[in-house]
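The values are calculated or read from the model by the stated rules, or taken from the named source; none is laboratory data. Bear in mind the structure is a predicted one, so any value in this text is a computation, not a measurement. Here Cβ is always computed from backbone atoms with ideal geometry, including for glycine, and neighbour counts include all displayed protein chains.
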């Protein structure tokens, strides 16, 4: 497995993250606002180099919970583990959200690799990464879009793929390294609830803000209900939103669609 080669830095940077990390307190390490090195290879998905002698620890990835994406089991990695991999250069990071969300704020060093194939560019850098490298996907919902992208990678033969269980919002809250045009805030969340027939259970409901290309998705429950948590940048109560399910498509303002239960 490839790993980013690290430049010499303070040995104290990662001195407090020894031992098994899963379930432990958040480790110390590089934070947003620190004097971080430049990202000289933005397509590799690795963070910039922070430390030359990272400690080694035992992380039991086999113990991770998984989420099922159309028959593919996707491991949900605790954010402390993904941050350890990040701070030691042991993972590449892929943002499964939209170009707008990525442009506003993303994990420093991550590449954009949207879950929706229609939004993914032909030159997505992830396609050039070795299939045995560790890849961490993330989104903001907190892990639905990232699980979809991770499942796609697993199905394509990538062997070591995870998602950040708590999502990018938690990464932001912990002030871990970020880049983008507006890393000081996260957008408000709006909840849009709806129902389809139970025959559509297991399908996916999508929420779109077409003017900016932002989207979120969620699974449809066995009873046909769904609940979308829309955390879109630069939207307001009167912003146009499109809800798409296997049985119907509905358009309206964000205020209208979040005021009751959509039934098509």
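Worth a mention:
- Number of the condition not met by residue 33 [criteria: (1) modelled with pLDDT of 95 or more; (2) within 18 Å of residue 173 (Cβ to Cβ)]: (1)
- Residue tally, condition closer than 24 Å to residue 155 by Cβ and in contact with a helix residue (DSSP H, G or I) (Cβ under 7 Å, 6 or more places away or on another chain), over region 78-92: 1
- Failed condition for residue 166, given (1) assigned to a loop (DSSP other than H, G, I, E, B); (2) modelled with pLDDT of 95 or more; (3) over 16 Å from the mean Cα position of the chain (by Cα); (4) more than 15 Å from residue 91 (Cα to Cα): (3)
- Test for residue 142: is it in contact with a helix residue (DSSP H, G or I) (Cβ under 7 Å, 6 or more places away or on another chain) and part of a strand (DSSP E or B): no
- Number of residues in region 169-189 that are at pLDDT below 95 and under 10 Å from the mean Cα position of the chain (by Cα): the value is 0.
- A single member of 89, 45, 29 is within 16 Å of residue 136 (Cβ to Cβ), over 19 Å from the mean Cα position of the chain (by Cα), in contact (Cβ under 8 Å) with a residue 40 or more places away in the chain and crowded, with 18+ Cβ neighbours inside 10 Å, and it is 29.
- Checklist (1) closer than 21 Å to residue 159 by Cα; (2) in contact with a strand residue (DSSP E or B) (Cβ under 9 Å, 6 or more places away or on another chain) applied to residue 107, failing item: (1)
- Which numbered condition residue 208 misses (of (1) outside any strand (DSSP E or B); (2) surrounded by 13 or more Cβ atoms within 10 Å (Cβ to Cβ); (3) within 26 Å of the chain's Cα centre (by Cα)): (1)
- When residue 153 is tested against (1) in the same structural domain as residue 101 (by TED's automatic domain parsing); (2) touching a strand residue (DSSP E or B) at 6+ places or on another chain (Cβ under 6 Å); (3) surrounded by fewer than 18 Cβ atoms within 10 Å (Cβ to Cβ), just one condition goes unmet, and that condition is (3).
- Pick from region 169-198, criterion in contact with a strand residue (DSSP E or B) (Cβ under 8 Å, 6 or more places away or on another chain) and part of a helix (DSSP H, G or I), ranking: surrounded by the most Cβ atoms within 10 Å (Cβ to Cβ): 171
- Whichever residue in region 100-118 is surrounded by fewer than 24 Cβ atoms within 10 Å (Cβ to Cβ) and in contact with a helix residue (DSSP H, G or I) (Cβ under 7 Å, 6 or more places away or on another chain) and, among such residues, is nearest to residue 48 (Cα to Cα): 111
- Filter pass, residue 251 being closer than 27 Å to residue 108 by Cβ and assigned to a strand (DSSP E or B): no
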